[in-house]
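A quick write-up on the structure given underneath.
None of the figures in this text is laboratory data; all of them are computed from the coordinates on show. In this text, all values refer to a predicted model and were calculated from it rather than measured experimentally. Neighbour counts run over all protein chains shown; Cβ positions are idealised from the backbone, glycine included.
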Amino acid sequence: MKGIECRIGVDLGGTKIEGIAIARDGHALVRQRLGTPRGTGDETYREILDTIRDLILKIESITGLKGSVGVGIPGTLSTTTGMVKNANSTSLIGHPLDRDLEDLLQRPVRLQNDANCFAFSEATDGAATGADNMFGVILGTGTGGGIVVHGTLVTGVNAIGGEWGHNPLPWPRNDELPGPDCYCGKQGCIETFLSGPGLQLSYWCRTGLRITAEEISRRADAGERHADAVLTLYEDRLARGLAAVINLLDPKVIVLGGGLSNIGRLYDTVPALWNDHVFSGDVCTTLVKAHHGDSSGVRGAAWLWSESEIWG
């Protein structure tokens, strides 16, 4: 692409829009954040477009460099209509976000699901660098997932590759059926159990108290029996959810991101538990924390353009 001197990635979140500029050698030049416009209508959509444009122009003003543009979104582009679908930021749904941004910025724009950006970042130069195949998991407000095989992001014909969170929780117990209602219209989705709100719901059902997932983890570390019991149940459910992924994809590495990835005990307990559900005598898959932390998504968006596409 003519005149491109760096990669720019944008992570479109529910509360903030983050941007990063990455030099040709892979190091970050600058990171900037702006608040995400709130609302559900076309006016909000236009405000989001303008905010992304302003963020990119601000980054280019600071660096003095023009960048390629990749954007991670909380949804995906339909492979049939080219419009955004499955977005929890509902103002995006039904709009050709990539084409509208291209018109604003006067250059090509590449869009991808934010969980896919996370996985691609960690596979490119993060915790799964060098792995033939990996699965990236975001455990936060939702439970996103992304698949990278031999350095290639696997999105699928329906652009929903890696959407493990909207499958039912594997090997459910009687008291887990039919499961909580999910915003997708089903019940018992993995997301309703393994997201931050899912962990909070488990603690509330046991104690009647509504506290954050972070506080639940702190209380468990301090020896509170209710918090420890809730986390023990969470670990079992996560082990079952990831065991089904291993049975299907057999990844070398599973990388955890999102707020719940900061619960340190998961990395020892979950692999010990998933052995009972994986169809293999020996399980060599490793479970690791994201190397780039909350920067993975925005870095992955920047990596959506390859070096050969930018510089030839």
Here the range 156-172 yields Karplus 3J(HN,Hα) values (6.51, -1.76, 1.60; θ = phi - 60°; whole Hz; Gly and Pro given as x) of x, 5, 9, 6, 10, x, x, 6, 5, x, 10, 9, x, 4, x, 6, x
If Trp171, Trp311 are placed from fewest to most neighbouring beta carbons inside 10 Å, the sequence is Trp311, Trp171
Rounded to the nearest 5, the percent of antiparallel DSSP beta bridges in the range 130-290 equals 55 percent
Between Asp294 and Arg210, the two model label points (7 Å from Cα along the beta-carbon direction) sit apart by a distance in nm of 2.2 nm
Rounded to the nearest 0.05, FRET efficiency between Arg218 and Thr15 (Cβ-Cβ, R0 30 Å) equals 0.85
Rounded to the nearest 5, the percent of antiparallel DSSP beta bridges in the chain equals 55 percent
Long-range share for the range 33-185, i.e. C-alpha pairs more than 28 Å apart as a percent of all pairs, stands at 29 percent
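Neighbour counts of other C-beta atoms within 10 Å: give me Ser296, Ser61, Ser89, Ser280 arranged from fewest to most. Don't jump to the answer; show the numbers that get you there.
Working: Ser296 29, Ser61 9, Ser89 21, Ser280 12.
Ascending Cβ contact count within 10 Å gives the list Ser61, Ser280, Ser89, Ser296.
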Long-range alpha-carbon pairs in the range 130-290, meaning those over 24 Å apart, account in percent for 31 percent
Sorting Cys189, Gly156, Ser61 by the position of each Cα along the dipole of the chain (Lys, Arg +1; Asp, Glu -1; all at Cβ), the one nearest the positive end of that ordering is Ser61
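For the range 130-290, with only Lys/Arg (+1) and Asp/Glu (-1) charged at the beta-carbon, what is the dipole magnitude about the Cα centre, in debye rounded to 20?
Working: 12 positive and 17 negative charges, 47 e Å.
With Lys and Arg at +1 and Asp and Glu at -1, about 220 debye.
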Taking Cys117, Cys182, Cys189 and counting other beta carbon atoms within 10 angstrom, the fewest-first order is Cys182, Cys189, Cys117
Spelling it out for Val30: with amide H atoms placed in the peptide plane at 1.01 Å from N, the residues 5 or more places away or on another chain with amide H under 5 Å from its amide H are Ala21
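If you take the beta carbon distance between Glu102 and Arg38 as r and set R0 to 35 Å, what does 1/(1 + (r/R0)^6) give as a FRET efficiency, to the nearest 0.05?
Numbers: r = 25 Å, r/R0 = 0.71.
Computed FRET efficiency for Glu102 and Arg38: 0.90.
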